[in-house]
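This report concerns only the one structure given below.
Readers should treat all values here as calculations from the given coordinates under stated rules, not as data from a laboratory. This is a predicted model, so every value here is computed, not measured. Ideal geometry is used to build each Cβ from the backbone, glycine not excepted, and the neighbour counts take in all protein chains shown.
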Amino acid sequence: MTDRRPVGFGRRDGEPGAPPTITTPLPEGAVLLDDESMALLVPERAKRGHKGSFGKLLVIAGSLDYAGAALLVSRAAGRTGAGLVTLAVPESLQPLFAAKVVEATTMALPEDDVEEVDPDPALAKVLDHEHDALVIGPGLRPSLAAADLLRLLLTAPEEGTAGPVVLDAEALRTLASADGWWEGVTRPCVLTPHAGEFARLRAGSGHDPAEDGDLTEDDGARVRAASAAAAEWRQVVVLKGARTVIAAPDGSVGVAPFENPAMASGGTGDVLAGTVGGLLAQGLAPFDAARLGVYLHGLAGELVSERIGDAGMLAGDLPEALPMGRKRLAEIAERQRSGKRLGFGVRAADAPGDTRATTPGDGDGASA
């Protein structure tokens with residue numbers, strides 16, 4: 001008898017963009033992210049909403065040598081659904097960035113030297129600019145002035161009203177050199193280090209990174225280390241890499257299913273920072289924004305690598321795929337809310353002559 005395939009709109013293993021199937025056991029206490037759980041986190045879009053309804057993100061990123069990082073963050077945030085994205089750069093660089101961004105706007109930060117922000121007036125300008133969330137760090141030029149601005153932004157006395165912030169790249173390197181940086185922080189944060197940045201942060205917090213174990217290959221070590229750091233720093237930690245770990249201060253841990261070598265190229269972390277920042281701006285809590293951001297980022301990588309293979313992906317390929325991943329999750333969420341399933345799948349258990357009523361879409365692979 002010829003094999004019967006389910007018909008409909010459900011996802012089968014191997015469908016382009018589908019997350020991989022994980023068969024190895026998860027570390028104790030960790031939860032594997034999947035389509036169904038992540039669909040519940042996708043922000044709903046009001047039919048009569050406007051750009052101000054969908055979040056305002058302020059990005060403090062970029063430098064003359066790393067202009068691309070800021071552009072990737074801004075584009076990813078917009079592709080994730082943020083209504084308004086503003087890129088803040090030193091005023092001497094504003095003409096350069098204004099000529100490169102299209103949908104985002106730019107804001108000039110006061111300087112006390114070329115490409116060196118003046119921390120106090122820059123802080124006043126940032127706080128005066130209406131925003132729902134911040135991304136700080138990708139492509140920033142290392143400097144004492146930038147470090148001062150970061151410290152002032154994280155400790156501004158606005159507890160209860162200060163928007164959340166994604167900390168990446170240079171922001172993480174700055175924190176690694178500051179004793180007890182997490183004390184006095186008034187903004188909820190999502191830290192997005194790769195293994196090397198994470199080791200520096202742990203060393204700066206008084207720990208021997210070697211005691212954390214292998215943070216590249218050992219998923220158990222990755223979960224334990226990220227959980228310990230999140231609890232100590234009282235912030236959400238995203239330990240990037242294959243099967244990215246997302247840890248919350250309360251002990252909750254999510255693990256992404258993606259192991260995609262095509263993602264190992266410069267700039268993909270900047271896209272993740274913008275994705276998480278865009279979701280924070282849309283009102284998601286830090287742990288939810290981090291989990292959904294990591295998942296959408298991974299889905300985008302799967303979609304692109306399905307076309308081009310496991311090498312040659314550029315970070316700039318990812319933002320265009322983000323809305324497709326979000327669209328699929330939003331459709332799953334709509335079906336979950338309505339209790340309906342799409343498609344005309346046949347259940348594997350249905351035998352010839354079985355007269356039991358079947359629900360359209362039931363069956364292997366008919367659900368997304």
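Quick check of the Kirkwood formula: for the stretch 164-226, what is the inverse mean of 1/r over all pairs of different Cα atoms, in Å?
On the way: mean 1/r = 0.0816 Å⁻¹.
Roughly 12.3 Å, rounded to one decimal.
Using only Cα atoms and rounding to the nearest 10 degrees, what angle (0 to 90) does helix 67-80 make with the longest principal axis of the chain?
So the helix axis and the longest Cα principal axis differ by about 40 degrees.
Relative contact order, percent, of the stretch 30-337 when contacts are C-alpha pairs under 8 Å separated by at least 6 residues?
Value for the stretch 30-337: 23 percent.
Would you please classify the overall shape of the stretch 201-327 from the alpha carbon gyration tensor, given that a ≥ b ≥ c denote the square roots of the eigenvalues, rounded means a/c under 1.5, and beyond that prolate means a/b larger than b/c while oblate covers the rest?
oblate
Cα extents of the chain along the three principal axes, largest first, in whole Å?
81, 50, 41
Suppose R0 equals 22 Å; then what is the FRET efficiency for Asp120 and Gln94 from their Cβ-Cβ distance, rounded to the nearest 0.05?
Result of the calculation: an efficiency of 0.70.
I want to check a number: in the chain, how many lysine pairs have alpha carbons closer than 19 Å, given a sequence separation of 8 or more or different chains?
5
May I ask what percent, to the nearest 5, of DSSP beta bridges between residues of the stretch 30-337 are antiparallel?
25 percent
Any idea what angle helix 144-155 forms with the longest principal axis of the chain, computed on alpha-carbon atoms, 0 to 90 degrees, nearest 10?
Here the helix axis deviates by roughly 60 degrees.
Arrange Leu280, Leu26 by Cβ neighbour counts within 10 Å, fewest through most, would you?
So the residues, fewest neighbours to most, are Leu26, Leu280.
Can you give the angle from 0 to 90° between the axis of helix 318-338 and the longest principal axis of the chain, with both taken from C-alpha atoms, to the nearest 10?
50 degrees
Under the rule of -39500 (n - 2.57) per DSSP H run of 4 or more residues, summed and divided by the residues of the chain, what mean residue ellipticity at 222 nm is obtained, to the nearest 500 deg cm²/dmol?
Values: 11 runs with 136 residues, N = 368.
Counting only the DSSP helices, I get -11500 deg cm²/dmol.
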